[in-house]
Amino acid sequence: MKRLLSSVRDGSGFDIVLVALPLGFLFLMAGLPLLYNILMSFQEVDMFSLGTFLRPFVGFKNYTDLFAQPETWPILGNTAIFVIGSIAGQFLIGFGLALFFWVNFPGASWLRGLFLVSWVMPGLVVGAIWNWILSGDFGVLNFMLRETGIISGNIFWRSDPNYSLYAVIMANIWLGTAFNMILLSVGLASIPGDLYEAAELDGANAWQRFWTITLPMMRSTIGAIVSLGLIFTLQQFDLFAAITSGGPNNSSNVTQYWAWDLSFRQYDFAKGATISVIMIVFVMFASVVYVRSTRHEVRG
Amino acid sequence: MTKQIELSGVNKYYGAFHALKNIDLSIDKGSFVALVGPSGCGKSTLLRSLAGLESISTGDLKIAGELMNNVPPRKRDIAMVFQSYALYPHMTVEQNLTYSLRIRGVAKAEARKAAEEVAATTGLSQLLGRYPRELSGGQRQRVAMSRAIIRHPKAFLFDEPLSNLDAALRVHMRKEIRTLHDRLGATSVYVTHDQIEAMTMADHVVVMKDGVIEQQGAPLELYDKPANKFVAGFIGSPAMNFVPAVVGEDGRSLAVDVGEKQTIVLDRQLQPGRKVTAGLRPEHLHFVEPGQGVFRLPVGIVESTGSATYITTSTVAEVTIVETSRRPVRTGDVIDVSIRPADVHVFDGETGLRV
Ligand SMILES: Nc1ncnc2c1ncn2[C@@H]1O[C@H](COP(=O)(O)OP(=O)(O)OP(=O)(O)O)[C@@H](O)[C@H]1O
Ligand SMILES: [Mg+2]
């Protein structure tokens, strides 16, 4: 007992306690629900068996049923468009802004801080704001597009199946750009200035310096941001709830919203869990990319 | 001799701060020029102005006869070795070396060949595939040099390239850089705060202080005829002793004030009664037999390095003597010291200028 105590005080026991506490917490709050979720995806779940743990095992029936449904593939397609569109938009605009603020004109850091406002706002509030912007009859977006002559008639962004998904993507890009910009700004700031001076003396113009110094030096930051972006966009739920509710007719539905809809509105918990498991696979993949890209950081 | 770099009336302001004041400097093709001076005197600023990394506020800068004031760094054809080396961390040694060639669109095979040739001369052949983080400090330094050499630039600029190396390697690299310079027939400008480096490596030494060139010339010229007290104190190690003195009635002797007045004879005629500062180099002061010296000094501290003994006197104006003989001396002794009249430097008591 005494040995144990002293080991905890100043031996390796202390390290183990430090590691065990967060691991235990993680297992309890994230690991167990995850396992339970996987278990549910192989069971038959209805309103009456909700409270029990051991329910009839059905093998891969939930999975085959899910892919037999006509809306499954379109929703998976929507999810892919949503993820790729959001990440591309957030990243490109975020990178552009980060480069812009990198020039360090007077007031740059102050203005950059202001951009964080979008990131601080809850998704539902952002959704509400975009509802106004996107509104068919009196929305600012339609007004601007009309005035600049890009469109002749109003687009009903939220209720037109051709546009509903893109309406949410636009809002999500707005929401995530600031986060991208901040991380990319940090990455840019960590590149030593003398590398640019050396490259300049070596004859590289601004464009060549960007391609041969900035981008390669930012590789790990970019890898981290894209994989975090994948995780965040796969989690994006509030905007769908606030703007389109997945409609009309699933035209803007994505897996994360659909899983919730199946579980808590149609009470088909097994299917909801099945979709979640499919998503977990993707998130795991993103996590591995994230961990690898932060591990392979270039150090001078 | 053609002039490779010419600066005339160059001034540099950082806002209200006047960093370079009326710099006139011309550098011959093929010469090795060292810029020395205490920290903050503007050495790096001057070097970076040559490279174009800083723009000069007024004056003219010519490289190989062409006005360069508004030419961007990449078009000046000048290579720089940074104190931090500034190697590209995401590139191998070979890629670091060939960067400038690849930017200019030189074919891959040709660039590779050039890298191998340069690496052979700088001893990097075995390391071409490594990343900078896998190299020692000395090896990084060589990569930084090789990266400059491969370009055959109009001039090499070095900003304290050896300050991150240990003493032994520094002495070694000193010779190596100079040898490379001679072999390439290059024009080099070398910034250092170490006057020994400047004296041993350069053909032409420029001493700066507070943005002003105090004196420039051949190393021995600066040592033998320092233009003022600052240069006299800066060049030479250990530093020159300065003692207040008054020119004697006859104008050919100095009454030196080291605790008590002692007289040394001069080899030139000065205005009698003039207040001056006498500059006595430690290595020119000799510890001699009693009765043979020009003055007598009480010994304060004795430090021996084996090859030389450093004697510091306990007088008000401290005097350091470097003695290479092993003659025994202890704290508290009073010793006789001699100096040749020709070795006595005299500076004006007020302006500090050489008399
Ligand atoms: N970007 C800048 N803005 C304002 N002042 C500067 C800037 N860069 C340098 N200075 C000032 O100019 C003076 C000269 O600086 P410089 O770097 O040339 O000194 P240095 O001689 O190279 O010194 P060191 O031996 O410490 O490297 C210093 O007083 C410094 O504070
Ligand atoms: Mg400097």
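The values are calculated or read from the model by the stated rules, or taken from the named source; none is laboratory data. Remember, predicted model here, so these are calculated numbers, not experimental data. Cβ placement follows ideal geometry from the backbone for every residue including glycine, while neighbour counts extend to all protein chains displayed.
Of the helices (runs of 4 or more DSSP H) lying entirely inside the range A:135-250, the ones with 2 or more residues being under 30 Å from B:ALA144 (Cα atoms) and within 14 Å of another protein chain (Cβ to nearest Cβ) are found at A:193-201, A:206-209, A:219-235. Of the residues making up the range B:244-267, those that are free of Cβ contacts under 8 Å to residues at least 40 places away in the same chain and not in a strand (DSSP E or B) are B:GLY248, B:GLU249, B:ASP250, B:GLY251, B:ARG252.
Kindly indicate the residue of the range B:134-154 that is small (Gly, Ala, Ser) and within 11 Å of chain A (Cβ to nearest Cβ) and also farthest from ligand 2 (Cβ to nearest atom) among those meeting that condition. Here the residue is B:ALA148. Of the residues examined, A:LEU228 is one that is modelled with pLDDT under 90, within 18 Å of A:ASN180 (Cα to Cα) and either out of contact with any strand residue (DSSP E or B) (no Cβ under 7 Å at 6 or more places or on another chain) or surrounded by fewer than 20 Cβ atoms within 10 Å (Cβ to Cβ) (or both). Screening B:GLU160 against (1) closer than 26 Å to B:ALA114 by Cβ; (2) within 14 Å of another protein chain (Cβ to nearest Cβ); (3) within 16 Å of ligand 1 (Cβ to nearest atom) leaves a single unmet condition, (1).
All told, B:PHE287 meets the bar of being surrounded by 15 or more Cβ atoms within 10 Å (Cβ to Cβ), modelled with pLDDT under 90 and not in a loop (DSSP other than H, G, I, E, B). Only one entry of B:VAL322, B:VAL337 meets the criterion of being closer than 21 Å to B:ARG252 by Cα, part of a strand (DSSP E or B) and in the same structural domain as B:GLN269 (by TED's automatic domain parsing), and that entry is B:VAL337. The criterion of at least 1 residues that are within 30 Å of A:LEU184 (Cα to Cα) and either hydroxyl-bearing (Ser, Thr, Tyr) or in contact with a strand residue (DSSP E or B) (Cβ under 9 Å, 6 or more places away or on another chain) (or both) is met by the following helices (runs of 4 or more DSSP H) wholly inside the range A:12-113: A:72-102. Working only within the range A:188-216, note down all residues that are in contact (Cβ under 8 Å) with a residue 12 or more places away in the chain and buried (at least 21 other Cβ atoms within 10 Å of the Cβ). Passing the criteria: A:LEU195, A:ALA199, A:THR212, A:ILE213. I'd like to check something: does the range A:261-269 contain any residue that is under 25 Å from A:TRP73 (Cβ atoms) and either at pLDDT 90 or above or of a type in the set (Lys, Arg) (or both)? Yes: the range A:261-269 contains one or more residues that are under 25 Å from A:TRP73 (Cβ atoms) and either at pLDDT 90 or above or of a type in the set (Lys, Arg) (or both). Of the residues making up the range B:88-110, those that are within 9 Å of chain A (Cβ to nearest Cβ) and outside any helix (DSSP H, G or I) are B:TYR88, B:PRO89, B:HIS90, B:MET91, B:ARG104.
Listed by position, the strands (runs of 3 or more DSSP E) enclosed by the range B:1-87 that each have at least 1 residues that are away from chain A (no Cβ under 14 Å), under 20 Å from the mean Cα position of the chain (by Cα) and within 16 Å of ligand 2 (Cβ to nearest atom) are B:17-28, B:32-36.
Within the range B:34-46, none of the residues are closer than 24 Å to A:GLY203 by Cβ and more than 10 Å from ligand 1 (Cβ to nearest atom).
Looking at the structure I just gave you, is A:LEU35 under 24 Å from A:ILE275 (Cβ atoms) and surrounded by 11 or more Cβ atoms within 10 Å (Cβ to Cβ)? Yes; evaluated as a whole, the condition is true for this residue. Among the residues making up the range B:155-196, a single one is over 18 Å from B:ILE213 (Cβ atoms), within 16 Å of ligand 2 (Cβ to nearest atom) and not in a loop (DSSP other than H, G, I, E, B): B:PHE158.
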